[in-house]
Amino acid sequence: MRTLAGTTRIELVIKRSRFVAHASRVEDLAGTLAFYESVADPDASHNCWAWKLGQQYRFNDDGEPSGTAGKPIYSAIDGKGLDQAMVVVTRYFGGVKLGAGGLVRAYAGSAARCIDQAAIEEIEPRLDCVIRVGFGWTGQVYAALDACGARKTGDRYSDDGIEITADIGVAAFETLKSLLRDTTRGEAVVRRAS
């Protein structure tokens, strides 16, 4: 997967309307809201946006005619093969109406140019996993998670042990299973989350 390495900003003037596009990597829903709030201008005519996080995506026309802003921005993100990415295009109306086709071209073009100017980085696909183990092995499980670059996302305790959920790179998942099988003498049960 590919994503944006940082935040990028470009500005275009199309028929006297000023379009300011900001693109950035976002990692979760809270990140999309924070990025939007950091770049949107409440005094602008429109702050249209789109984001993609894995299989989830959203876009918004912010008062422009339906389908003329948010969806073209999303198409630029998706067309570049990006994930964990958000683009906000702010329009300052310049007095000349662009028409539906003109708006689509302006928003899609602004988003695409912004993405083209951004640094792109590869990100490793990840998956959620569940580890069930007795209490005596908890330290070894946390050490194995750290060694494999996994992030603990939750835990649940029961009378006979703990169930730990984690986010791990797809390539490291088999390594984690093997490591835990060896260090817990086969007592840890490791599986993909359903």
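The values are calculated or read from the model by the stated rules, or taken from the named source; none is laboratory data. In this text the structure is predicted, and so the values were computed from the model without any measurement. Note: ideal-geometry Cβ built from the backbone for every residue, glycine included; neighbour counts use all protein chains shown.
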State whether one or more residues within region 169-186 are under 22 Å from Asp28 (Cα atoms) and either over 31 Å from the mean Cα position of the chain (by Cα) or part of a strand (DSSP E or B) (or both). yes
Taking region 9-40 and keeping residues over 20 Å from Arg58 (Cβ atoms) and among the acidic types (Asp, Glu) leaves Glu11
Just wondering, is there one or more residues in region 102-116 that are closer than 30 Å to Asp167 by Cα and in contact with a helix residue (DSSP H, G or I) (Cβ under 9 Å, 6 or more places away or on another chain)? yes
Which residues, taken from region 143-194, are in contact with a strand residue (DSSP E or B) (Cβ under 8 Å, 6 or more places away or on another chain) and of a type in the set (Val, Ile, Thr)? Thr153, Ile162, Ile164, Thr165, Ile168, Val170, Thr184, Val189, Val190
Within region 123-130, does at least one residue satisfy the condition of being among the acidic types (Asp, Glu), modelled with pLDDT of 95 or more and closer than 29 Å to Gly6 by Cβ? no
Could you check region 39-59 and list, in sequence order, the residues that are modelled with pLDDT of 95 or more, among the small types (Gly, Ala, Ser) and within 25 Å of Gly81 (Cβ to Cβ)? Ala50
Can you give me the ranges of the helices (runs of 4 or more DSSP H) entirely in region 54-158 with at least 3 residues that are over 20 Å from the mean Cα position of the chain (by Cα) and either touching a residue at least 40 places away in the same chain (Cβ under 8 Å) or surrounded by 16 or more Cβ atoms within 10 Å (Cβ to Cβ) (or both)? 99-117, 138-147
